[in-house]
1. Determine, at each q value in 0.23, 0.24, 0.27, 0.33 (inverse angstroms), the log₁₀ of I(q)/I(0) that the Debye formula gives when each Cα of the stretch 543-589 is one equal point scatterer.
2. Compare the peptides 22-32, 52-62 by average per-residue count of other Cβ atoms within 10 angstrom and give them in order, highest first.
3. For the stretch 167-287, rounded, prolate or oblate, judged on the Cα gyration tensor with a ≥ b ≥ c (square roots of eigenvalues), a/c < 1.5 rounded, else prolate if a/b > b/c?
4. For the cross-link pairs Lys49/Lys93; Lys151/Lys223; Lys145/Lys377; Lys238/Lys274; Lys559/Lys664, which exceed 23 Å when the distance is taken from alpha carbon to alpha carbon?
5. With only Lys, Arg, Asp and Glu charged, each at its Cβ (+1 for the first two, -1 for the last two), find how big the charge dipole of the stretch 453-519 is about the Cα centre; round to the nearest 20 debye.
6. As an exercise, find the ratio Rg/Rh for the stretch 249-297 from alpha-carbon atoms, using the Kirkwood inverse-distance average for Rh.
7. Label point 7 Å out from Arg588 along Cα-to-Cβ: which residues of the stretch 596-637 have amide N under 11 Å?
8. Calculate the FRET efficiency for Cys366 and Lys53 from the Cβ-Cβ distance with a Förster distance of 30 Å, rounded to the nearest 0.05.
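The values are calculated or read from the model by the stated rules, or taken from the named source; none is laboratory data. Every value quoted in this text rests on a predicted model; they were computed, and no experiment measured them. Neighbour counts are summed over all protein chains in view; Cβ atoms, including those assigned to glycine, are modelled from backbone coordinates with ideal geometry. Accessible surface is based on the protein model in full, side chains and every heavy atom, while ligands, DNA and RNA are left aside. Shrake-Rupley method; radii C 1.70, N 1.55, O 1.52, S 1.80 Å.
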Amino acid sequence: MFKNYFKTAYRELLKDKTSSLINVTGLAIGMACCMLILIHVKDELTFNKFNSKFENIYRVNWITKDNRGISAFSSTPIPFSQLLASKIPAIEKVAKVFQRSGEMEAGQNGKETSSNEKRFQEQGVYFADHDLFDIFSIAFIEGDKTAALSKPNQVVITDEMATKYFGNANPVGKTLFYDNKALLQVSGVVKKMPDNSDIKFDFLISFESLYQVESPAFANFLKNDWTFNPCETWVLIKSGEQPQNLQRALNQHLQQNGTARNRTMNSVALQPLKDIHLHASGITGNESSSDISYIYVFAGIAFLILLIANVNFINLSIARSINKVKEVGVRKVLGADKKQLIAQFLIATLLTSLIAFLLAIILTECSLPVLNQLTGKNLTWFSWITADNVLLFSLLFFTTGILAGLYPAFFITRFKMTLALKGKSGDQNKRNTIQKTLLVTQFTVSIILIIATIVIFQQIEYLRNKPLGFQKQQMLVVPIFGTGAFSYGIKVDSAIRHHMITFSDELSSYSKIKGVTASSEMPGQGFVRGLVIPQGYYETDNTFTPWLSVDYNFIQTLKMKIVAGRDFSKSYGTDNLNAFIINESAVRAYGWRTPENAIGKTFIRGAQADGKKGNIVGVVKDFDFNSLNDPMEPLVMDVNPPRFTEFAISIAPDHVNQTIAYVKQIWEKIFPERVFEYSFLDKDIDKQYKDKENFSHMIEYFALAAILLSCSGLFSLAFFLAVKRTREIGIRKVLGADILSITLLLSRDFIKMVLLSALIASPIAWWLVHSWLQGFAYHISIEWWIFLLASCLAVLIAFITVSFQSIKAALVNPVKSLRSE
């Protein structure tokens, strides 16, 4: 019996090839979109779970309450973590992790190699405690896990770095020269951390080595200062211990050992490893920028697209049911009961669904490179074809097939036998109502996605093109100590400063270079916040403000605007000692009313006892030095060459490659011991919004899929409507109706349904995009024309889709039309 059902289903697929193709393709696209989203979502949900002690691993977050409000940081002061394991019984293991990028070179003192082929600026360099290996699941390939990082000047490297620096040789026992300062011995080789890990590194250096790399003064500062929080602290809780109790104990430790300022301003909070990836994007310094809200969005889109595909299938099945009415009647006369008829139609649906499912797998694999590009992942066929994914996708296939076929099967088998034998269904109005409802649902979803796509695109363009208050185009950024260098501990001594001046002078003589300056950071990177004491304030007010150290010509080179007072100038002789420039937001924050009133006010950067004391000499117009996700803040600038870490070089827009080559040539002459690196300031700033831009592109692709699916369903319905009204069209043509009037006649009902969809979709879309925009300090307004444009696009798409079939039907010879049954 089932064999016969399959044969019948197969013949029906071949009998109506156009309809079958639309059905199969629509379901396949819907399933493929759903699969891609499920792959992405499932990968996001598995982050960090490979760690065997996953449930008991926590990070200590540093909470600060100051003049800005309450802020959470993923890192803590170094002295906070000292001896925690011995002081708090609930902690089994504790490990500090401190990122400090730098140059890495193979060979004894970096001199075994005859060239710089084995010297690179590395970002993935971390100083870590040995107990890190007992907290996280880090797989050793070479070396002794129990002894690794147990002594100063030891380094553990990944297998990828082992190949990069030592080829196929066993690197254990060999040496690496770090940042022209420390000779490190390789004590172990580990597997590179999995892609679904937020804890990633290339080099792990024993933590005590940090104090040898830094200057004695800064090393002492790191060991003892409770204000500066540069290192992550990870704890492994003993089984059975409650994290709430441990958090209380950690805060007691802070209150007992911290400074008076810590007791007023700071607290700590435990965050489980399971929340690091999707529930911590708002924490400063967090490894992941992913957010659980995006997972909900994509899961919702997957459901909606699959819903559209199923609606297509149901609509087409109902539309085609008129051709099966007599068949149902005959089968009932021959003794077929309702269960057998339902089984037959369900098997036909499952066969269609199976073909679509197999096609969807091919589409999914072909689309993986696009998904990888948008998400930064490295998913492959072998990575996503797993046992649980196969089970999940099989469930998707059966659910889709059964749900898509269940209603049409019951709908068709409910026809009365007497009407069925006459080829009539008897419930025309009900069938039309269902079809219209499903079509409105389809286009409602499509219009919501169109509106979301327009708004997200506009917001990303706004972020990219918003005037920031400084020149970001054609601005070459060259890091002095390497990309990602830990600027807080770096100090430009007199020798380096001399080289910097020589470098700037030589570049300034080149015709394509318009200006050269230096600073501690560049706009868009976020600046270090420091204690300040403006006139009228006290040290106990705990006023912390972003702080930027700049060269004399920084404001001029980046084309910022002075609104009161003056710029820094060498002609005054003491600007590097006692001059400060603040922004307009600082004027307002400190209660000085106008920029002119701020000029001459006393100002201290740091503590009263040993801070830098001086006066406000200028006020610069507000410029966006933070991400546009964050509101404008007060800012203080001073001239402080020891803190300089980056050159900013303004270049002409023509002959860019030749200019970069010249800069590199001069760099290698002046700084032969350092790797030359560069970037463009506008590109660096745009990277802040890369995740949101990728999110925008994903919405665009899925919106396009939703529109195509809706149009395919509309195309098929228009086809069946045209066939159904063949005789009516023939009569109208005989009576003088032209092609346009017939097209409008057949399109009218569909256009009404699309307009209804627009009315339903608009308030829903407004609420969704409005909620998303609230995450930005600066965002666009949601204009009325966006909804009108989306509605007009949907109507236009629907009209074009229906018109194709309408015009085709109108062109048929009326003689043939009048003969049709």
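1. -1.00, -1.07, -1.26, -1.42
2. For the peptides 22-32, 52-62, the packing ranking is 22-32, 52-62.
3. oblate
4. Lys145/Lys377; Lys559/Lys664
5. 180
6. With Rg and the Kirkwood Rh in hand, the quotient comes to 1.16.
7. Inside the label zone: 622, 632-634.
8. 0.20
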